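Below: the structure, in structure tokens.
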Amino acid sequence: MAVAVDAATRKRVLRVIFISLLLDLLSFTFILPLFPNLLEFYRNAEAPLDASAPASKTLLSSVLGYLNAYKAAFARPIESRYDIVLLGGALGSLFSLLQAFASPIIGHLSDRHGRRTALLASMAGNILSVLLWVIAVDFRTFLASRVVGGLSEGNIQLATAIATDISDDTSRGSTMALIGACFSIAFTFGPALGAYLSSVPTVAANPFATAAAFSLFLIVTETVYLWFSLPETLPKLTGKDVKKTKSETKPLQRTNSHFLLNLIHFTFLLFFSGMEFSLPFMTYDLFGYTSANNGRLLGYVGLVASLLQGGVTRRLPPLLSVKTGVLACLAAFAMLGRITSVGGLYLAATCLATTSATVVSGLNALSSFEASEDERGRKLGVMRSWGQLGRGLGPVLFTSVYWWAGRGTAYTIGATGIAVVSALVLFGLKTPPGSVKAKTKAGSKTEKSEL
């Protein structure tokens, strides 16, 4: 499927995608390291642990009551210090499950009304979400912020659809890697910046207002930038979809079924996200890691992933990228179930960085090959929906096994699940025609100067 987009337009749109998505993800990652302290602040205000404090009937106290009932079901006792982590995981799962519901709808709207319109509508929801966080002096308002954000966040899938609109078959993999690089850069620097901003007090009733306000500033800046800089890219609205006679029209040749791609995406993220969420528990139990230690570990993963995406992944065919990532993930699971040293931990983290740099961007590229121009947003939205469903269920299921049966059993089950994913990738997926065509010198020069 050749795309009738000139090189100058492609370069300009890619720059807009990169800058806007980087702003969006930086804003999104601000809150990640703040969850423990933020939720502890609401708990101390609305559901204090002090038995002498008067009982309160708040939404948070009810949620913690259900959480304690869940903890009581485990054979191994779970200390109260884990309450905040479990609550944060539950909120993360809620966000992902809301994304699973909203992503196909957002994708369909982008196919019907255009990428630009859908993206700006999504940004309006993001602004409302962060604004609620700024004024969240109680847990109920903060929860509303997460719900609005989960239902409106569409930047990632729409950026993917836009990138696909302006890419031909041979450049699609490198374009997806460019989007993946935004993730790695944001996750390397965003959490640290968010943690710093949270230490700057401005509003006594909401000690995290400074970080929230700067996050709002980034989102508003992104929205204004998109309004003035992003053109419409949906071919049927730009006039790029040249109408052909019936004899000239060639049916889309599908190489991989969307069912198989969605199944792989769901299963992979089910186990991968569960492992991600359990990592702080494991490092604490084995090495006594603090939040700062875990921050350095995640920063290392983000840095290595950024280097791989910028130098390696964007040059790999999509299927090879996915194969490399799932095998690296399998190696990481095998190591994490057996490590006894910090050196082993960082070796496994290197494998996880390889996985982060390859699998999801490769699957998105493969999915885009199986969709025609007028269904691309919906197909990519459905794929993201299945991934978010896996990301929503994974932490709860994986950590339940971790506490019931221990680290060895949990990571052995995880390794078995990723082995199944690896088999599906190695023996079930095929290379789409055109995804590995040799690039011309001119094409290579264009790729190097995209940004």
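The values are calculated or read from the model by the stated rules, or taken from the named source; none is laboratory data. Note that the coordinates shown come from a computational prediction; the quantities given were computed from them, not determined experimentally. Methodologically, a virtual Cβ is constructed for each residue, glycine included, from the backbone with ideal geometry; neighbour enumeration extends over all protein chains shown. For the accessible areas, the whole protein counts, side chains as well, though only heavy atoms, and no ligand, DNA or RNA atoms are used. Shrake-Rupley method; radii C 1.70, N 1.55, O 1.52, S 1.80 Å.
The table for this structure:
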item	result
Test set (1) in contact (Cβ under 8 Å) with a residue 12 or more places away in the chain; (2) open to solvent by less than 70 Å² (accessible area, probe 1.4 Å) - Asn293 fails condition number	(1)
Some residue of the range 155-168 being out of contact with any Phe, Trp or Tyr (no Cβ under 9 Å at 6 or more places or on another chain) and either among the aromatic types (Phe, Trp, Tyr) or surrounded by fewer than 21 Cβ atoms within 10 Å (Cβ to Cβ) (or both)	yes
Candidates Thr358, Thr340, Thr350, filtered to the one that is touching a Ser or Thr at 6+ places or on another chain (Cβ under 9 Å) and either in a loop (DSSP other than H, G, I, E, B) or touching a residue at least 12 places away in the same chain (Cβ under 8 Å) (or both)	Thr358
Single residue of the range 133-159 satisfying the filter (small (Gly, Ala, Ser) and in a helix (DSSP H, G or I)) that is farthest from Leu120 (Cα to Cα)	Ala144
Residue check for Leu316: open to solvent by 10 Å² or more (accessible area, probe 1.4 Å), modelled with pLDDT of 95 or more and out of contact with any strand residue (DSSP E or B) (no Cβ under 8 Å at 6 or more places or on another chain)	no
Every pair of residues 6+ apart whose Cβ atoms lie under 6 Å, when the first sits in the range 175-204 and is within 22 Å of Ser356 (Cα to Cα) while the second is open to solvent by 70 Å² or more (accessible area, probe 1.4 Å)	Thr188/Leu303
Residue check for Phe281: open to solvent by less than 70 Å² (accessible area, probe 1.4 Å) and either acidic (Asp, Glu) or modelled with pLDDT under 80 (or both)	yes
Pair list, Cβ under 7 Å, 6 or more apart: the range 308-319 residue without any contact (Cβ under 8 Å) to a residue 40 or more places away in the chain, other residue open to solvent by less than 40 Å² (accessible area, probe 1.4 Å) and not in a helix (DSSP H, G or I)	none
Residue that is surrounded by the fewest Cβ atoms within 10 Å (Cβ to Cβ) [pool: residues in the range 325-337 that are free of Cβ contacts under 8 Å to residues at least 40 places away in the same chain and within 19 Å of the chain's Cα centre (by Cα)]	Ala328
Condition broken by Tyr196, with the remaining ones in (1) more than 20 Å from Asn126 (Cα to Cα); (2) touching a helix residue (DSSP H, G or I) at 6+ places or on another chain (Cβ under 8 Å); (3) part of a helix (DSSP H, G or I) satisfied	(2)
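Rundown of residues vs (1) more than 20 Å from Gly377 (Cβ to Cβ); (2) surrounded by 22 or more Cβ atoms within 10 Å (Cβ to Cβ); (3) at pLDDT 90 or above, yes/no style:
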residue	(1), (2), (3)
Thr238	no, no, no
Lys244	yes, no, no
Glu248	yes, no, no
Phe259	no, no, yes
Asn262	no, no, yes
His265	no, yes, yes
Ser273	yes, yes, yes
Glu276	yes, no, no
